[in-house]
Amino acid sequence: MAETPHRGPLRALFSAMRPRQWVKNGLLLVAPAAAGQLTRADVARHTAVAIVSFSLVASAFYLLNDLRDIEADRAHPSKRHRAIAAGQVPRGLLIPAVLGLLVGGFTLPLALWHPQGLELILALYAAITGAYILGMKNVPVIELGMVASGFFLRAYAGAAASHLAVSEWFLVVISFGALFLAVGKRASELQRVGPGATRAVLSEYTKDFLSSALTLSATVTLAGYCLWAFDTSSSGLSSAHHHIVPIRLSVVPVTLALLVIVRAAQSGDTAEPEDLLLTNRTVQALVLVWGALLAAGIYA
């Protein structure tokens with residue numbers, strides 16, 4: 001049985017902020033990159049600030065969530081090693097840290113420009129995440145939508161930070177891609193720890209239901225991406241000023257990545273999508289190939 005690593009208060013607090021999950025904020029790059037605007041200095045600056053802001057706000061809610069779920073986490077085979085569940089973060093440090101992260105996350109963009117859209121998305125993310133922590137996490141299916149909203153809002157924030165227009169197909173891909181990741185998390189956790197073992201809502205799901213939901217969301221995500229990649233209108237990736245071939249070839253790594261994630265979720269290999277990005281060499285390679293193809297099609 002793995003032992004909980006020793007951490008001092010500040011190191012434990014940083015660990016409780018879950019820096020590994022900041023990789024999710026890479027979704028903010030998708031909209032400006034797909035629009036061919038990421039090389040603009042102002043767009044790159046706004047996107048970088050938005051990523052930092054989302055990281056700070058998200059970390060504040062990770063602290064609140066772990067504080068509220070401290071007893072359940074102590075019964076979890078891996079979550080019991082989290083800094084708060086292990087009692088390594090002083091209670092007197094938690095609330096000031098949460099307030100500091102929230103203030104920093106919301107005020108940083110305002111200090112640099114007037115991102116009304118980004119501020120609205122951050123507020124919506126905070127409201128949904130707060131409701132999730134306070135009890136909506138125990139409502140089956142609805143909680144999947146709330147988890148998915150975190151991925152969707154991140155991707156949409158990338159466009160809102162620089163006032164970029166987004167296509168309908170982009171919204172379809174992001175919406176169902178987010179749902180796919182949320183369902184994948186639950187399918188993997190159910191496979192690993194069983195129904196209701198450490199998360200009450202797991203007892204409301206069956207493997208067949210989650211498998212069907214995973215297939216449905218993956219199918220719509222892939223179909224939406226294909227339509228977006230092959231669309232030659234001004235809102236599609238294959239618009240006239242782009243190089244069409246590499247963009248359309250990007251469907252291949254997207255398809256393979258979806259299949260890898262489905263396999264991982266159904267086998268219980270991972271409980272978090274960010275674990276695949278940080279540890280799975282196949283997914284990392286596919287993401288790099290996808291990024292290279294898009295870059296060649298949009299920026300070459």
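So here's what we get for this one:
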read-out	value
Under Karplus coefficients 6.51, -1.76 and 1.60, residue-wise ³J(HN,Hα) of region 248-263 in Hz, glycine/proline x	5, 5, 5, 4, 5, x, 4, 4, 5, 5, 4, 5, 4, 5, 4, 4
Accessible solvent surface per residue of the chain, calculated while the other protein chains remain in place, 1.4 angstrom probe, Å²	46 Å²
Share of carbon and sulfur in the accessible heavy-atom surface of region 147-247 [1.4 Å probe, %]	63 percent
S212 - accessible surface, heavy atoms, 1.4 Å probe, Å² rounded to 10	80 Å²
I121, I51, ranked by accessible area, largest first (probe 1.4 Å)	I51, I121
FRET efficiency for T4 and L216, using Cβ-Cβ distance with R0 set to 35 Å, rounded to 0.05	0.35
T255 - accessible surface, heavy atoms, 1.4 Å probe, Å² rounded to 10	40 Å²
Ranking by accessible area, most exposed first, for F230, F176 with a 1.4 Å probe	F230, F176
Fraction of accessible area attributable to carbon and sulfur, region 53-94 (%, probe 1.4 Å)	55 percent
Span per principal axis, largest first, for the Cα atoms of region 111-188 (Å)	39, 29, 17
Shape call, region 158-254: gyration tensor on alpha carbons, a/c limit 1.5	prolate
Mean separation of Cα contacts under 8 Å (6+ apart) over length of the chain, as relative contact order %	18 percent
Candidate residues Y62, Y299: accessible-area rank, largest first, probe 1.4 Å	Y299, Y62
Debye-sum result for the chain in log10 I(q)/I(0), which assumes one identical scatterer on each alpha carbon, at q = 0.07, 0.10, 0.13 Å⁻¹	-0.27, -0.57, -0.97
Rg(Cα) / (2.2 N^0.38 Å) computed for region 1-124, rounded to two decimals	1.22
F209/A292 FRET efficiency (R0 45 Å; Cβ-Cβ; nearest 0.05)	0.75
Pairwise centroid distance, computed over Cα atoms, of region 145-175 with region 67-143, Å	20 Å
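The values are calculated or read from the model by the stated rules, or taken from the named source; none is laboratory data. From a predicted model like this one, the values you see are computed outputs, not experimental measurements. Note: ideal-geometry Cβ built from the backbone for every residue, glycine included; neighbour counts use all protein chains shown. Protein only, heavy atoms only, side chains kept; ligands, DNA and RNA dropped before computing areas. Shrake-Rupley method; radii C 1.70, N 1.55, O 1.52, S 1.80 Å.
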